[in-house]
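Novice: Take this structure, written in structure tokens, and hold onto it; I'll ask about it next.
The values are calculated or read from the model by the stated rules, or taken from the named source; none is laboratory data. All figures in this text were calculated on a predicted structure; none of them were measured in a lab. We place every Cβ from the backbone using ideal geometry, glycine too, and count neighbours over all the protein chains shown.
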Amino acid sequence: IKLRITNIDVPIMVGPAFEGETIRKGDTYVEFGGGRTTAFELVKMVGPDEIEDGKITVHGPEIDEIEEGSKLPLGIKIKIYGRKMHQDFESVLERRVHYFINYGEGLWHVAQRDLCWLRISKDAKAKGFKIRHFGELLIAKFKSEYPALVDRVEVELYTDEKLVNEQIKEARGIYVKRDERLKGLTDESVEELYSCTLCQSFAPNHVCVVAPERVGLCGAVSWLDAKASYEITPTGPNRPIKKEGAIDEVKGIWKSVNDFVYNNSNHMLEEVSLYTLMENPMTSCGCFEAIIAMMPEVNGVMITSREHGGITPCGMSFSTLAGTVGGGTQSPGFMGIGRRYILSRKFLKADGGMARIVWMPKELKDYLREEFIKRSIEEGLGEDFINKIADESIGTSAEEIVPFLEEKGHPAMKMTPLF
Ligand code: SF4
Ligand code: ZN
């Protein structure tokens with residue numbers, strides 16, 4: 001017998017009403033992750049003997065042992081046992097952490113995996129909210145929202161730096177494995193794409209179209225995840241979209257996709273193309289890991305990432321760009337993406353592919369390096385291509401990077417005009 005928990009034992013209010021709440025720095029008691037400290041979140045399926053249902057452990061300092069304004073590392077490890085649980089479902093449930101935590105009044109969560117960023121407000125702290133309450137909230141939510149799947153839940157919270165650094169290794173290993181399972185799949189090899197409308201709670205017209213070769217822009221919903229999510233909840237945020245009625249295979253436009261998007265965007269979007277930035281690109285909610293922006297001056301595009309705070313050659317920083325691009329609208333020439341989409345064979349395919357990239361922050365280059373080099377060789381751009389792409393050490397304006405691109409013989413300079 002499983003109890004359906006409706007009362008959550010936390011000293012704050014919990015509900016979708018608080019989802020859009022932001023917590024400013026000045027109202028923050030403690031924050032975790034977001035590039036300031038190491039943090040991760042992981043849902044891991046375990047056997048019936050490896051779990052104690054309902055148990056919550058905080059390994060490291062609790063909130064009352066730290067000062068106001070502190071930054072702490074954080075590891076959230078959620079162990080789940082269920083007879084119907086499947087490994088493919090781990091990442092689907094993991095993505096829900098974002099929503100469940102944001103339901104808490106005075107709690108704030110962005111991004112995912114080892115990029116997550118959380119805040120607890122001074123108000124929540126004053127009401128008695130403790131780090132262990134993340135566990136209470138998550139256990140209650142997972143049990144109440146996935147009763148058919150989840151029989152037992154245990155949460156381990158790590159706030160000790162050494163332990164977080166240890167535990168994050170396991171998490172990263174699992175992220176890599178998940179990404180690898182996708183590798184054999186192409187958009188052509190499947191009959192269905194999947195929608196994701198999870199972000200409509202704050203971007204009401206936003207629809208992600210998730211394909212084998214294009215992860216959702218949050219980086220946390222792959223085609224396999226969307227498929228698994230549909231198996232778990234057929235009426236949920238991920239639905240299959242049959243690829244039917246090809247309108248333009250190069251730009252990636254299908255009638256069925258257009259119909260789906262139209263019917264699920266409050267009739268705001270009429271057409272979406274999967275493989276170009278320049279014409280009806282996919283909408284962007286606010287969760288994107290990176291943003292592509294066109295640079296007509298150099299006939300290419302630049303990409304900046306959430307981790308890079310600095311100004312970029314399009315004249316804007318990530319956060320300013322995010323304000324322009326986000327909210328669920330289409331802005332030709334600009335688009336939010338998951339970082340791994342840069343490695344996809346379908347990356348801006350109709351626009352000339354990765355050869356268009358003229359600028360990326362160093363951090364993003366380093367994050368992608370190994371696979372990026374493999375992909376550039378595959379594209380005939382040579383293993384040296386990554387070194388032809390400018391970064392913040394070369395310049396942060398078009399004028400500053402043009403001489404570099406010319407000197408390196410960057411391929412975008414000789415490509416057909418972007419528009
Ligand atoms: Fe789904 Fe897209 Fe939101 Fe990710 S960003 S949760 S794929 S709607
Ligand atoms: Zn989103």
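Novice: Out of all the residues in segment 157-164, is one or more modelled with pLDDT of 95 or more, of a type in the set (Asp, Glu), more than 10 Å from ligand 1 (Cβ to nearest atom) and over 16 Å from the mean Cα position of the chain (by Cα)?
Specialist: yes
Novice: Tally time: how many residues in segment 216-246 are touching a residue at least 60 places away in the same chain (Cβ under 8 Å) and assigned to a loop (DSSP other than H, G, I, E, B)?
Specialist: Final tally of qualifying residues: 7.
Novice: Looking at (1) in a loop (DSSP other than H, G, I, E, B); (2) under 29 Å from Val358 (Cβ atoms); (3) within 24 Å of the chain's Cα centre (by Cα), which is the one condition that is false for Val250?
Specialist: (3)
Novice: When you go through Thr283, Thr235 one by one, which is the residue that is of a type outside the set (Asp, Glu), surrounded by fewer than 18 Cβ atoms within 10 Å (Cβ to Cβ) and under 18 Å from Cys199 (Cβ atoms)?
Specialist: It is Thr235.
Novice: Sticking with this structure for a sec: Looking at segment 202-222, is at least one residue of a type outside the set (Asp, Glu), buried (at least 23 other Cβ atoms within 10 Å of the Cβ) and out of contact with any strand residue (DSSP E or B) (no Cβ under 9 Å at 6 or more places or on another chain)?
Specialist: The answer is yes; a qualifying residue exists.
Novice: Could you check how many residues of segment 187-202 are of a type in the set (A, V, I, L, M, F, W, C) and within 8 Å of ligand 1 (Cβ to nearest atom)?
Specialist: Residues flagged as of a type in the set (A, V, I, L, M, F, W, C) and within 8 Å of ligand 1 (Cβ to nearest atom) within segment 187-202 amount to 3.
Novice: Filter segment 66-96 down to the residues that are surrounded by fewer than 13 Cβ atoms within 10 Å (Cβ to Cβ) and in contact (Cβ under 8 Å) with a residue 60 or more places away in the chain and list them by number.
Specialist: Arg83, Lys84
Novice: Is segment 364-378 home to any residue that is touching a strand residue (DSSP E or B) at 6+ places or on another chain (Cβ under 8 Å) and at pLDDT 95 or above?
Specialist: yes
Novice: Give me a count of the residues in segment 349-372 that are of a type outside the set (A, V, I, L, M, F, W, C) and either more than 20 Å from the chain's Cα centre (by Cα) or surrounded by 22 or more Cβ atoms within 10 Å (Cβ to Cβ) (or both).
Specialist: Qualifying residue count for the region: 7.
Novice: Going residue by residue through segment 324-339, is there one that turns out to be buried (at least 20 other Cβ atoms within 10 Å of the Cβ), more than 28 Å from Phe202 (Cβ to Cβ) and of a type outside the set (D, E, K, R)?
Specialist: Checked against the condition, which is being buried (at least 20 other Cβ atoms within 10 Å of the Cβ), more than 28 Å from Phe202 (Cβ to Cβ) and of a type outside the set (D, E, K, R), segment 324-339 yields no hits at all.
Novice: Ok, one more. When segment 388-399 is examined, which residues are found to be closer than 20 Å to Ser305 by Cα and not in a loop (DSSP other than H, G, I, E, B)?
Specialist: Lys388, Ala390, Ala398
Novice: Another question, if that's okay. Filter segment 213-236 down to the residues that are acidic (Asp, Glu) and under 16 Å from the mean Cα position of the chain (by Cα), then identify the one that is nearest to ligand 1 (Cβ to nearest atom). Even if it seems obvious, please write down each step before you answer.
Specialist: So the first thing to find is which residues in segment 213-236 are acidic (Asp, Glu), and the list is 213, 225, 231.
When the remaining residues are screened for being under 16 Å from the mean Cα position of the chain (by Cα), the result is 213, 225.
Details: Glu213: 14, Asp225: 8 Å.
Checked segment 213-236; the qualifying residue nearest to ligand 1 (Cβ to nearest atom) is Asp225.
Novice: Find all pairs meeting these conditions: Cβ atoms under 9 angstrom apart; at least six residues apart or on different chains; first residue within segment 97-110 and among the basic types (Lys, Arg) and within 12 Å of ligand 1 (Cβ to nearest atom); second residue at pLDDT 95 or above and not in a strand (DSSP E or B).
Specialist: none
Novice: Being within 16 Å of ligand 2 (Cβ to nearest atom) and touching a Leu at 6+ places or on another chain (Cβ under 9 Å) is the requirement here; does Trp108 meet it?
Specialist: In short, yes.
Novice: Select the strands (runs of 3 or more DSSP E) contained entirely in segment 267-365, then report the ones holding at least 3 residues which are away from ligand 1 (no atom under 16 Å from the Cβ) and in contact (Cβ under 8 Å) with a residue 40 or more places away in the chain.
Specialist: 290-295, 300-305, 357-359
Novice: Are there any pairs, at least 6 apart or on different chains, whose C-beta atoms fall under 8 Å, with the first in segment 247-259 and among the basic types (Lys, Arg) and the second assigned to a helix (DSSP H, G or I), and if so, which?
Specialist: Correct list of pairs: Lys251/Ala350.
Novice: If the requirement is being assigned to a helix (DSSP H, G or I), away from ligand 2 (no atom under 16 Å from the Cβ) and modelled with pLDDT of 95 or more, which of these qualifies: Val261, Val257, Val176?
Specialist: Selected residue: Val257, the only one of Val261, Val257, Val176 that is assigned to a helix (DSSP H, G or I), away from ligand 2 (no atom under 16 Å from the Cβ) and modelled with pLDDT of 95 or more.
Novice: For segment 257-266, what are the residues that are more than 16 Å from ligand 1 (Cβ to nearest atom) and crowded, with 17+ Cβ neighbours inside 10 Å?
Specialist: Passing the criteria: only Asn258.
Novice: Here is a further query. Which residues, counting only those in segment 13-65, are under 22 Å from the mean Cα position of the chain (by Cα), surrounded by 12 or more Cβ atoms within 10 Å (Cβ to Cβ) and in a loop (DSSP other than H, G, I, E, B)?
Specialist: Glu19, Glu21, Ile23, Gly35, Arg36, Thr38, listed by residue number.
Novice: Specify which of the listed residues (Met415, Met354) is closer than 24 Å to Gly310 by Cβ and among the aliphatic types (A, V, I, L, M).
Specialist: Met354
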